[in-house]
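Visitor: The structure that follows is given in the form of structure tokens.
What follows is calculated from the coordinates using simple rules that are stated; it is not laboratory data. None of the values given here were measured: they were computed from a predicted structure. Heads up, the Cβs are rebuilt from the backbone with ideal geometry, glycines too, and the neighbour counts pull from every protein chain shown.
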Amino acid sequence: MTRHVPLLAIVVPCFNEAEVLPETARRLQQLIERLIRNGKAAPGSYACFVDDGSTDRTWAIIRNLQAGAGPFGGVRLSCNRGHQAALMAGLLSVRGDAVVSIDADLQDDLEAIPAMLQARDDGADIVFGVRSARASDTAAKRISARLYYRLLRALKVEIVFDHADFRLMTRRAIEALRGYDEVNLFLRALIPKLGFKTQVVTYERAGRFAGTSKYPLGKMLALAFEGITSFSTRPLRVITVLGCLMSMFALGLTAWATLAWLVFAATVPGWASTVIPVYLVCSVQLLSMGVIGEYIGKIYLETKRRPRFHVSETLAPPEDCGFLLEPDGDGLQDVALPALA
Ligand code: UDP
Ligand code: MG
């Protein structure tokens, strides 16, 4: 199956990436020009940088890039909304038949993009970039990532192992994604849910080109937690099972105590058998309430229907590839667009 030469849009979320951005832009420009020359991407293909509320020179650099001759556009969020929201803002803003998302720090191999385009040509609507080696990671990160994926699998959350947010999506897949209104985003579990034909392209993930990680431990843990609570209600089932087991244990204990009283007449209650169950039951109750609270919190947040981001400025790329989202009169615009038929 061959498809027509696609207009390629590369979405790059950036949070305080001034150190790495010029080099990223240089390499992206080289790649895009090469792809256009080789007939793999249509003229007018471009990269769109999404400034996620940076406090350094990131937006100034994006503005310069767009003003220059390169194939660049920009979207600026009004404040820092996090990687996933920035990514979503970019994906829903760009035009393009093939939309690739990639981090700004050059950890993902740009050379995987031609392979992704080939996979699209072969009929895939979503192409996941999967890292072949985790050589650039510490042993602790490797092990915790593996355990986390196992946990997600056990909770029946569909996710591609060793895939982050480096992927290609066709226009069809992007429009389907637009229909998902949730505020708490975890795209790597959401996108497999779209159900379109997928393919995998493997690549070697490098170290960061420059600058420091914008994903400190706290943000990472929050994202990991998001993956569980946004996609699985199994923890709630676990509470029920735990409750059943506890009551069976309590019943058994009662039977045993009655037997001891009737048959052995050894009924002096011990300290342990009184105090330990109290602690045990209390801790299970607390734990259960905590998990239920997580879900209630989520319902609370989702029912507010808050926009995920506001686009305050857009810079149109050259050659008539405008944005689907344009700022309105007050410079702020919700991303929520009418659902497409
Ligand atoms: N990022 C973002 N908003 C944030 C944090 C990160 O847009 O609040 C971007 C960041 O600029 C980068 C990508 O998300 O392009 C991944 O971040 P990073 O490379 O720092 O994460 P790591 O690779 O260390 O996990
Ligand atoms: Mg990185």
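Visitor: How many residues does the range 239-251 hold that are without any contact (Cβ under 8 Å) to a residue 40 or more places away in the chain and under 30 Å from residue 159 (Cβ atoms)?
Guide: Just the residues of the range 239-251 that are without any contact (Cβ under 8 Å) to a residue 40 or more places away in the chain, to begin with: 240-241, 244-251.
Next, from what is left, pick out any that are under 30 Å from residue 159 (Cβ atoms): 240-241, 244-245.
Number satisfying all stated conditions: 4.
Visitor: Shifting gears a bit: Looking at residue 254 and the list (1) in contact (Cβ under 8 Å) with a residue 60 or more places away in the chain; (2) in a helix (DSSP H, G or I); (3) surrounded by fewer than 13 Cβ atoms within 10 Å (Cβ to Cβ); (4) of a type outside the set (A, V, I, L, M, F, W, C), which single condition is not satisfied?
Guide: Failed condition: (1).
Visitor: Go through the range 38-77 residue by residue and tally those that are farther than 30 Å from residue 121 by Cβ and either out of contact with any Asp or Glu (no Cβ under 6 Å at 6 or more places or on another chain) or not basic (Lys, Arg) (or both). Spell out how you get there, then give the answer.
Guide: To start, the set of residues in the range 38-77 that are farther than 30 Å from residue 121 by Cβ comprises 51-64, 67-68, 76-77.
Remaining after also requiring either out of contact with any Asp or Glu (no Cβ under 6 Å at 6 or more places or on another chain) or not basic (Lys, Arg) (or both): 51-64, 67-68, 77.
Of the residues in that region, 17 qualify.
Visitor: Could you tell me which of the residues 154, 173 is away from ligand 2 (no atom under 16 Å from the Cβ), buried (at least 16 other Cβ atoms within 10 Å of the Cβ) and over 27 Å from residue 54 (Cβ atoms)?
Guide: Only one candidate passes the filter, namely 173.
Visitor: Among the candidates 183, 130, which residue alone is outside any helix (DSSP H, G or I) and out of contact with any Lys or Arg (no Cβ under 6 Å at 6 or more places or on another chain)?
Guide: Numbers: 183 fails: out of contact with any Lys or Arg (no Cβ under 6 Å at 6 or more places or on another chain).
The unique qualifying residue is 130.
Visitor: Among the residues of the range 203-224, which ones are outside any loop (DSSP other than H, G, I, E, B), touching a residue at least 40 places away in the same chain (Cβ under 8 Å) and exposed (fewer than 15 other Cβ atoms within 10 Å of the Cβ)? Working first, answer last.
Guide: Initial filter on the range 203-224 (outside any loop (DSSP other than H, G, I, E, B)): 203, 217-224.
Those still in the list that are touching a residue at least 40 places away in the same chain (Cβ under 8 Å) too: 203, 219, 223-224.
Passing the criteria: only 219.
Visitor: Now for a separate question. Please state which one of 101, 54 is under 22 Å from residue 116 (Cα atoms), among the polar types (S, T, N, Q) and either surrounded by 21 or more Cβ atoms within 10 Å (Cβ to Cβ) or in contact with a helix residue (DSSP H, G or I) (Cβ under 9 Å, 6 or more places away or on another chain) (or both).
Guide: Numbers: 54 fails: under 22 Å from residue 116 (Cα atoms).
On inspection, the qualifying residue turns out to be 101.
Visitor: Another question, if that's okay. Which ones in the range 85-110 are small (Gly, Ala, Ser) and touching a Cys at 6+ places or on another chain (Cβ under 9 Å)?
Guide: Narrowing the range 85-110 to residues small (Gly, Ala, Ser): 85-86, 89-90, 93, 96, 98, 101, 104.
Once the filter is applied, which keeps residues that are small (Gly, Ala, Ser) and touching a Cys at 6+ places or on another chain (Cβ under 9 Å), the range 85-110 yields 86, 90, 93, 96, 104.
Visitor: Could you please let me know if residue 166 is assigned to a strand (DSSP E or B), surrounded by 14 or more Cβ atoms within 10 Å (Cβ to Cβ), within 16 Å of ligand 2 (Cβ to nearest atom) and not β-branched (Val, Ile, Thr)? Steps first, please.
Guide: On the way: assigned to a strand (DSSP E or B): yes; surrounded by 14 or more Cβ atoms within 10 Å (Cβ to Cβ): yes; within 16 Å of ligand 2 (Cβ to nearest atom): yes; not β-branched (Val, Ile, Thr): yes.
Considered against the rule, which asks whether it is assigned to a strand (DSSP E or B), surrounded by 14 or more Cβ atoms within 10 Å (Cβ to Cβ), within 16 Å of ligand 2 (Cβ to nearest atom) and not β-branched (Val, Ile, Thr), residue 166 comes out as yes.
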